[in-house]
Structures are given as C-alpha cells and as structure tokens.
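Only one structure is covered here, and it is reproduced in the block below.
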Amino acid sequence: MNTLPQPFILHTRTIMGEARFGRFLAAMAEEPPVSIRLNPQKCTPAERTTAEGRCERVPWCPQGFYLDQRPNFTFDPLLHAGCYYVQEAASMFVHHVVAQLLPSAPHAALDLCAAPGGKSTALRTVLPADCLLMSNEPVRQRAQVLSENVQKWGGANSVVTNNYARDFRKAGLVFDLILCDVPCSGEGMFRKDPASIGEWSPQGVERCQRLQREIVEDIWPCLRPGGLLIYSTCTYNTRENEENVRWMEQTLDAQPLAIATETGWGITGSLLEGYAAPVCRFIPGLTRSEGLFMAALRKPGDDAARPLTGKALAAKLKGLNVLYTAEPHQPCPTAELPYPTAIAYLRREAIVLPPDTPRGLVEVCFKGHRLGLVKNIGTRANNLYPREWAIKTTHVPTTYEGNEVLF
C-alpha cells in the first residue's frame with residue numbers, strides 16, 4: 001500500500017487515539033475482506049443453506065456473507081443473473097438501519113447518490129415490495145452502471161434516474177426515506193484502492209464537506225415531516241462526518257437517532273470531542289470491513305405531507321431524466337444453458353439452443369436463474385443481451401469449476 005499522507009495520519013491518530021489507530025494501521029497492511037450479499041428474491045432456500053454452510057455471515061446483514069478468497073466474479077453467471085451482489089461488508093449496514101428505523105408503511109424512498117448500486121439493491125431487499133425506490137446518480141456514465149445493477153437485481157417498483165438533488169425538489173417529489181451516501185474524500189477506500197491515497201488532500205476534504213452540505217440542503221425539502229434521512233460517507237475525518245451531522249442538527253433541526261448495535265460488531269461511536277451524537281463508524285482493525293460512517297436523522301413534524309403514489313407520481317417523473325422503470329416480467333419459454341454457452345451468451349455471441357426449443361423469444365437460464373433473452377430462429381439464437389453489459393475480456397473459461405462463488 002502507498003504511504004499514507006502525513007496530514008491524514010496526524011488527524012486520524014488524534015481522533016482515534018493511539019490504541020485504536022495502531023489497530024487501524026495494522027489492518028491497512030492486510031488483505032481486505034471479500035463479501036457478497038444474496039438476493040432473497042432469486043436465491044432458493046437450498047442455495048441459501050449452501051451459503052450458510054460454506055461462509056461466515058456478516059453479522060449486521062442477514063443476506064451478507066464473507067468469502068475465504070476473492071474469485072473472478074466476472075465468470076460466474078449467477079452474478080450476472082442478480083443472485084448476489086459483491087459488496088463491502090460495512091455498506092451492508094444500511095439494511096440494519098432501515099429495518100430498525102424505517103417509518104411505517106413507506107410509500108417512496110430515494111437513494112440520491114446511488115452508483116454503482118450496492119446500497120440501492122440492499123434497500124430494495126429491506127423495503128416493502130410496494131414501496132417505490134428511486135435510485136439516482138448525477139454522473140451520467142455512473143448512472144448507466146447503476147441502471148444495469150438495479151435491473152439485474154430485479155424487483156417491482158424500482159426507478160433509476162440521472163439527476164441532481166435540486167431536480168427532485170423542482171419536481172415536487174416527497175419521500176419517506178432518503179439515503180445520502182454522499183461523494184467524499186474516500187479515506188475508507190485507501191486499503192481497497194491504494195490509488196485513492198494519491199488523490200487525497202486536506203483541501204479535498206474541505207471541498208467535500210461543502211459539497212456534502214449543499215447536497216443535503218438541496219434534498220432536505222424532499223423529505224416528508226417525520227421522514228428518515230440516512231447520511232453516510234466512506235471516510236474517517238470528522239469534517240465530513242460528525243461535523244456535518246452537527247450542522248444538520250443546528251441548521252435543519254434534524255434529530256439524530258440511536259441505532260442499536262451489538263458490542264461484538266466492533267462499531268465505533270462519535271470521534272468528535274464534545275459531540276456525542278449516536279453515529280456509527282466502521283474502522284478496519286475493529287470491524288471486518290473497510291471504512292464507513294453512517295448516521296440516521298429524523299425530520300421533525302408529522303405525517304401530513306405524504307409521498308405521491310400512482311398516476312400523480314408518474315406525472316412528476318416527467319420532469320426528471322428517467323433511465324429505467326421496472327416493468328412486469330412477461331413469461332416466455334425457457335432454455336437451460338451449460339456453462340460454456342452461458343459465458344458465450346454473456347459475451348453477446350450467437351448461441352445454439354437444443355433442437356426442441358420453441359422459436360421466437362426465449363429466456364435463457366443458468367442453474368435455473370434467468371440471464372436474459374434470445375430470439376431463437378432454429379439454426380441459431382440471436383443474442384438480445386444488452387451490448388453495454390457484455391463481458392469483454394478475451395479469456396473464455398470452459399468449466400464452471402473455479403469460477404463458482406457459492407452454489
């Protein structure tokens with residue numbers, strides 16, 4: 001790993017204290033843990049049992065599991081089928097927070113800075129099926145990645161948008177839950193992505209803090225009275241974390257909420273001297289994860305301003321840049337693919353189906369899990385897998401052995 005910047009070391013040692021900072025430094029020299037989160041909409045009970053028998057569970061997420069090593073996920077068709085999502089363990093904590101603090105009978109939720117989609121897919125799992133989830137990403141290229149992951153994960157009542165926070169306010173949308181996983185200086189990624197160390201600077205921390213406050217202030221009017229805001233970063237400093245939560249208290253009258261956790265999880269509370277708000281910090285060496293900060297805040301007031309539903313909400317979406325809206329799945333004939341053919345399909349190559357396969361649209365599957373559509377014309381099947389999703393590497397494995405992750 002690259003040498004950590006001296007200003008970062010000085011501040012982090014000061015807020016953590018020598019003992020905690022020593023454990024953190026030792027962990028930074030270790031390999032980062034590898035974890036995935038299962039999709040309960042797609043994984044069968046038998047597959048879940050297999051995962052539980054092979055892997056250690058992430059304690060704060062019922063669908064989260066640690067892997068012993070990092071496989072080549074690209075060549076597991078079940079990843080592309082949306083059976084699981086590769087996600088850093090601390091980020092799965094959003095499931096625990098929402099399950100505990102979510103307002104009753106939520107109509108609509110917004111993941112404001114959602115790419116690449118890990119927390120959005122976690123939200124889709126924990127939210128009621130009839131709750132609308134809007135997953136948004138302001139950066140167009142990242143929004144396309146978000147859309148891919150949301151579509152692969154599946155689930156009704158999901159929308160992907162490419163807008164800024166102020167656009168939701170202009171559209172007049174109101175949400176029960178808003179997740180602000182804001183852009184940050186990325187200190188929590190130093191171990192996982194050493195290149196991020198060279199991009200860090202004290203000036204960058206200050207810029208991030210200003211941007212984070214602008215984002216929260218822009219989206220705050222879209223949270224209904226009594227609604228829940230989850231604020232998170234993947235960084236350690238107090239400027240982007242506790243100081244921003246304190247600012248939300250003082251400026252927006254936001255009310256920080258306690259999040260029940262277990263001592264064995266190793267989660268740390270506030271590190272800002274004189275400020276004891278109920279926040280949660282994940283620190284390598286104390287938690288089996290990368291760095292993360294998360295706080296939950298309630299907007300004062302009652303439930304008078306309820307989120308829009310049905311046609312009224314659809315009309316509001318016309319003012320937004322919508323990339324994807326979940327549609328009901330249309331059933332069609334299916335064809336099970338052997339592993340080499342499944343990889344060929346995911347590479348967007350033409351494939352040949354069994355001779356008894358019906359002509360026309362066919363849903364191709366691997367181990368019973370849907371990969372996508374082809375148009376079967378008999379001698380071959382035209383590949384309808386989205387071009388931008390295709391596996392592009394020239395390496396083509398011939399067997400599933402060594403590429404399977406869990407099942």
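The table below gives the values:
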{"item": "Segment 188-230 - percent of accessible surface contributed by carbon and sulfur, probe 1.4 Å", "result": "51 percent"}
{"item": "Heavy-atom SASA rank of Asp111, Asp167, Asp253 (probe 1.4 Å, accessible area, largest first)", "result": "Asp253, Asp167, Asp111"}
{"item": "Under the Karplus curve 6.51 cos²θ - 1.76 cosθ + 1.60, θ = phi - 60°, whole-Hz ³J(HN,Hα) for segment 3-18, x wherever Gly or Pro sits", "result": "5, 6, x, 4, x, 5, 4, 4, 5, 5, 4, 5, 7, 7, x, 4"}
{"item": "Sequence-distant residues sharing a close amide H with Asn321 (under 5 Å, placed H)", "result": "Asn162"}
{"item": "Karplus-derived 3J(HN,Hα), 6.51/-1.76/1.60, for each residue of segment 281-287, Hz, glycine and proline x", "result": "10, 10, 10, x, x, 9, 10"}
{"item": "Most fluctuating residue given options Thr325, Thr251, Thr235, as computed from a GNM of the chain linking Cα atoms under 10 Å", "result": "Thr251"}
{"item": "Gain upon complete extension [Glu262, Glu52; 0.36 nm per residue less C-alpha separation]", "result": "73.5 nm"}
{"item": "Rounded accessible area per residue of the chain, 1.4 Å, Å²", "result": "44 Å²"}
{"item": "Selected from Pro333, Tyr400, Ser201, residue furthest toward positive end of dipole (the chain; charges at beta carbon)", "result": "Pro333"}
{"item": "Dipole axis of the chain (+1 Lys, Arg; -1 Asp, Glu on Cβ), positive-most option in Leu146, Gly285, Ala90", "result": "Leu146"}
{"item": "Segment 314-396, relative contact order [Cα under 8 Å, separation at least 6], %", "result": "27 percent"}
{"item": "Gaussian network model of the chain, Cα within-10 Å springs - most flexible of Pro386, Pro40, Pro355", "result": "Pro355"}
{"item": "FRET efficiency, Thr74 to Glu217 (Cβ-Cβ, R0 35 Å, nearest 0.05)", "result": "0.30"}
{"item": "By accessible area with a 1.4 Å probe, ligands and nucleic acids excluded, highest first: order of Glu273, Glu401, Glu388", "result": "Glu273, Glu401, Glu388"}
{"item": "Percentage relative contact order, segment 150-226, counting C-alpha pairs under 8 Å, at least six apart", "result": "45 percent"}
{"item": "Thr334 long-range amide H proximity, modeled H, under 5 Å", "result": "Glu363"}
{"item": "Length added when fully stretched, Arg169-Ala105, from 0.36 nm per residue minus Cα-Cα", "result": "20.8 nm"}
{"item": "Gain upon complete extension [Arg13, Thr44; 0.36 nm per residue less C-alpha separation]", "result": "6.6 nm"}
{"item": "The chain - percent relative contact order, Cα under 8 Å, separation 6 or more", "result": "18 percent"}
{"item": "Label-point separation in nm, Ala156 to Thr251, each point 7 Å along Cα→Cβ", "result": "4.0 nm"}
{"item": "Accessible area of Trp247 in the full protein assembly, 1.4 Å probe (Å², nearest 10)", "result": "40 Å²"}
{"item": "Max mean-square fluctuation residue, GNM over the chain, Cα-Cα springs under 10 Å, options Tyr385, Tyr231, Tyr324", "result": "Tyr385"}
{"item": "Given charges at beta-carbon only (K, R positive; D, E negative), |dipole| of segment 12-158 in Debye", "result": "160 debye"}
{"item": "Simple Cβ-charge dipole of the chain, Lys/Arg +1 and Asp/Glu -1, about Cα centre, in debye nearest 20", "result": "920 debye"}
{"item": "Cα-projected label distance for Glu349 with Glu404, points at 7 Å along beta-carbon direction, nm", "result": "2.2 nm"}
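The values are calculated or read from the model by the stated rules, or taken from the named source; none is laboratory data. Since the structure is predicted, the reported quantities are computational estimates derived from the model, not experimental observations. Cβ: placed from backbone, ideal geometry, glycine included. Neighbour counts: every protein chain shown. Surface areas here come from the heavy atoms of the whole protein model, side chains and all, with no ligands, DNA or RNA. Shrake-Rupley method; radii C 1.70, N 1.55, O 1.52, S 1.80 Å.
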